[in-house]
Amino acid sequence: MTVDLLQRGREVLAAQGFSRLLGAELEVFEPGRAELALAVGPQLLQQNGFVHGGVLSYLADNALTYAGGSVLGTEVVTAEYKINYLRPAVGGERLLAVASVLGSGKTQAVCRCDVFMVEGAQRRLCAAAQGTIRTAG
């Protein structure tokens with residue numbers, strides 16, 4: 001069942017033009033949890049050499065939505081989210097957004113997400129987000 005969910009999640013990601021443009025990859029998509037990764041390249045950096053905050057925000061938003069969709073179904077949208085930037089995303093090879101469901105009902109889920117800069121086996125927390133995901137219908 002989890003393999004089917006991951007495959008469906010990857011199909012949804014492939015249908016998102018912006019996600020394809022960035023090269024995002026869905027690594028985990030299981031009930032209550034999702035992980036979205038993105039390779040860091042010079043095209044994602046701002047003038048100080050940090051990954052642009054918009055990139056971190058994209059990862060958090062999409063990972064939150066995947067986590068919520070894992071319990072509500074894949075036809076979901078973000079109702080709202082808040083992100084805190086904790087430190088510059090610099091010095092790593094990829095970003096990893098790890099999202100989980102805190103609580104859910106029939107039409108909405110409250111989720112949290114941590115965004116890490118990854119270098120080898122080391123993770124540095126760069127941002128934390130929380131949001132409400134709701135069914136699209």
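Data for the structure
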| quantity | calculated |
| --- | --- |
| Region 44-67 - residue that is touching a helix residue (DSSP H, G or I) at 6+ places or on another chain (Cβ under 9 Å) and polar (S, T, N, Q) and, of those, farthest from Gly92 (Cα to Cα) | Asn62 |
| Residue under evaluation Phe50, criteria (1) among the hydrophobic types (A, V, I, L, M, F, W, C); (2) under 13 Å from Gln130 (Cβ atoms); (3) in contact with a Pro (Cβ under 8 Å, 6 or more places away or on another chain), criterion not met | (2) |
| Matching residues in region 118-131 - criterion: being of a type in the set (A, V, I, L, M, F, W, C) and touching a residue at least 12 places away in the same chain (Cβ under 8 Å) | Val118, Leu125, Cys126, Ala127, Ala128, Ala129 |
| Any pair with Cβ under 8 angstrom, 6 or more apart, that starts in region 13-37 at a residue that is at positive phi and ends at one that is surrounded by 12 or more Cβ atoms within 10 Å (Cβ to Cβ) and hydroxyl-bearing (Ser, Thr, Tyr) | Gly32/Ser70; Gly32/Ser100 |
| Options Leu13, Leu6, Leu21; residue that is within 18 Å of Asp61 (Cβ to Cβ) and surrounded by 15 or more Cβ atoms within 10 Å (Cβ to Cβ) | Leu13 |
| Those residues of region 24-36 which are closer than 13 Å to Arg94 by Cα and either basic (Lys, Arg) or surrounded by fewer than 19 Cβ atoms within 10 Å (Cβ to Cβ) (or both), in sequence order | Glu25, Glu27 |
| Among residues of region 1-32, those that are in contact with a helix residue (DSSP H, G or I) (Cβ under 6 Å, 6 or more places away or on another chain) and assigned to a strand (DSSP E or B), counted | 3 |
| Residue match in region 19-41 (condition: more than 24 Å from Gln122 (Cα to Cα), in contact with a Ser or Thr (Cβ under 6 Å, 6 or more places away or on another chain) and of a type in the set (Ser, Thr, Tyr)) | no |
| Residues of region 53-79 satisfying the condition of being of a type in the set (S, T, N, Q) and at pLDDT 95 or above | Ser57, Asn62, Thr65, Ser70, Thr78 |
| Matching residues in region 97-117 - criterion: being without any contact (Cβ under 8 Å) to a residue 40 or more places away in the chain and over 11 Å from Ala67 (Cβ atoms) | Gly103, Gly105, Lys106, Thr107, Asp114, Phe116 |
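The values are calculated or read from the model by the stated rules, or taken from the named source; none is laboratory data. What you see is a predicted model, and the numbers here were worked out from it, not measured in a lab. We place every Cβ from the backbone using ideal geometry, glycine too, and count neighbours over all the protein chains shown.
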